[in-house]
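To start, the structure under review is shown below, and the notes come after it.
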Amino acid sequence: MNIYESINAIMQEVPAIGKEKQNAQQGFKYRGIDDVMNALQPLLAKYKVFVTPEVMDQQRQERTTGRGGNLIYSIVTVKYTFYAEDGSSVAAVVTGEGMDAGDKATNKAMAAAFKYALFQTFCIPTEEMKDADA
């Protein structure tokens, strides 16, 4: 299959991914990158699709938290290229943002970028909860 056929086949089988995790500090529900990867990895393997990242741009800033601590803020623009078995490919360019007090800001930014590249490329269905503000 070429990349377009492979993506279409994966789209037909990928399950909905709901917001099953909860942020401990603010209490909001979210979908983690691990949820997305766990749902997609078997289908990527089945249809022989792999993905390579290429960081196109990165910006890092040091900020001070309200409590006087140090916070690293990272913004990355990443080009993810999806390849099929026949060598055909399609790319998605996305931006991800991440913050961390240690050395994980770029990792978090790349995880966010990858999650949304996967959601948008494969049109992954969601199981939206009712809006708490409604």
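Annotations
- For the pair N70 and E20 in one chain, pulling the backbone fully straight at 0.36 nm per residue adds 15.0 nm over the alpha carbon distance.
- Cα gyration tensor, the chain - rounded (a/c under 1.5), prolate or oblate: oblate
- Computed P(r) (all Cα pairs; segment 44-123; 5 Å bins; percent): 3, 16, 22, 19, 14, 11, 7, 5, 3, 1, 0
- A simple spin-label model places the labels of D103 and F28 2.9 nm from each other, with each point 7 Å out along Cα-to-Cβ.
- When the Gaussian network model of the chain links Cα atoms closer than 10 Å, the mean-square fluctuations of Q41, Q25, Q12 top out at Q25.
- Within the accessible area of the chain, the carbon and sulfur atoms contribute 49%, probe 1.4 Å, all protein chains present.
- Under 25 Å of direct C-alpha separation, and excluding same-chain neighbours fewer than eight residues apart, K108 reaches these lysines: K19, K21, K29, K79.
- Assuming charge only on the beta carbon of Lys and Arg (+1) and of Asp and Glu (-1), the dipole of segment 59-134 about its Cα centre is about 380 debye to the nearest 20.
- Mean residue ellipticity, 222 nm, helices only, the chain: the sum of -39500 (n - 2.57) across DSSP H runs of n ≥ 4, divided by residue count and rounded to 500, is -10500 deg cm²/dmol.
- Its Cα centre serving as origin, the chain has a Cβ charge dipole (Lys and Arg +1, Asp and Glu -1) of approximately 360 debye.
- Based on C-alpha pairs under 8 angstrom that are at least 6 apart in sequence, the chain has a relative contact order of 27 percent.
- Rg/Rg_globular for segment 1-67, with Rg_globular taken as 2.2 N^0.38 Å and Rg from C-alpha atoms: 1.59
- Charge tally for M1 (other residues, Cβ to Cβ under 13 Å; Lys, Arg +1; Asp, Glu -1): -1.
The values are calculated or read from the model by the stated rules, or taken from the named source; none is laboratory data. Please read these numbers as outputs of a predicted model, since none were measured by experiment. Cβ coordinates were reconstructed from backbone atoms using ideal geometry, including for glycine residues, and neighbour counts include every protein chain displayed. Protein only, heavy atoms only, side chains kept; ligands, DNA and RNA dropped before computing areas. Shrake-Rupley method; radii C 1.70, N 1.55, O 1.52, S 1.80 Å.
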